[in-house]
Amino acid sequence: MTDRNKLVVFLAVGEMTLVALGSLAWKYPLLAHLTAFDGSETWRRIFGQAAVIVFCPIWLALGWLVAQHRLATAVPRLSDDYRRWTEVSLVASGLALLVMQAWTARNFIAEENLGRVALLRAITLFLGALTAAQGNFFAKLEPPSGVGAPAPGVWTRIALRMGWVMSLTGLGVMACSLTLKMPALFFVPVAAMFALLANAVLSRRALRLPA
């Protein structure tokens, strides 16, 4: 990973961690009263917002670690455009998480839900477009080389399949972001994430690449 992208991700994780700690510390008196689930709308709002605020930096940090692990692979040697694809995808995802956490933290501190559905719809639309674009580019990536690399024909076939699945998933997410209402809209990014993870795991097994 280039030094510039490392710095961007590091700063994003650091900023989101500070926002999470600061928000939770600021509203600790409010959180201290949530000793038991009472099913109220206020409890669900506070718990949901706090969970999103904490989740964002953890998820980006995990993505960074996974990307670092994969890009450090020397056998086989990953192509340069695969490395660029991984870095750009990570930075773009981090931007979406940064915006989502910032707006959620604003609502958490103000104790309101201003624009919650609109924000979720916009973030879901962005992630769908990003996934579709990622799939389009992934299908065109050069295969890895060196010892342990899959045959070029095998790589092309699997990359095309994985790219198509990503693109179709992204288009489906975009359609859902424009048509579905809450609470169904909330589960769209979650379902898409599991579908993409399954696609990635099955593809890597077919290519016999290290995790």
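The values are calculated or read from the model by the stated rules, or taken from the named source; none is laboratory data. Since we're looking at a predicted model, the values are computed, not measured. Heads up, the Cβs are rebuilt from the backbone with ideal geometry, glycines too, and the neighbour counts pull from every protein chain shown.
Structure above, values below:
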{"quantity": "Which listed residue, of 159, 118, is more than 14 Å from residue 196 (Cα to Cα) and aliphatic (A, V, I, L, M)", "calculated": "118"}
{"quantity": "Restricting region 161-210 to residues that are surrounded by 14 or more Cβ atoms within 10 Å (Cβ to Cβ) and of a type in the set (Lys, Arg), the residue that is modelled with the lowest pLDDT", "calculated": "204"}
{"quantity": "Test for residue 151: is it among the aliphatic types (A, V, I, L, M), surrounded by 12 or more Cβ atoms within 10 Å (Cβ to Cβ) and without any contact (Cβ under 8 Å) to a residue 60 or more places away in the chain", "calculated": "no"}
{"quantity": "Members of region 43-73 found to be outside any helix (DSSP H, G or I) and free of Cβ contacts under 8 Å to residues at least 24 places away in the same chain, listed by number", "calculated": "72"}
{"quantity": "Meets criteria (at pLDDT 80 or above and surrounded by fewer than 17 Cβ atoms within 10 Å (Cβ to Cβ)) for residue 130", "calculated": "no"}
{"quantity": "Residue in region 86-109 that is charged (D, E, K, R), within 19 Å of residue 6 (Cα to Cα) and in the same structural domain as residue 5 (by TED's automatic domain parsing) present", "calculated": "yes"}
{"quantity": "One residue from 67, 74 being exposed (fewer than 14 other Cβ atoms within 10 Å of the Cβ) and at pLDDT below 85", "calculated": "74"}
{"quantity": "Single unsatisfied condition, residue 141 versus (1) part of a helix (DSSP H, G or I); (2) closer than 23 Å to residue 63 by Cα; (3) of a type in the set (A, V, I, L, M)", "calculated": "(1)"}
{"quantity": "Tally of residues being outside any helix (DSSP H, G or I) and surrounded by fewer than 18 Cβ atoms within 10 Å (Cβ to Cβ) across region 77-116", "calculated": "7"}
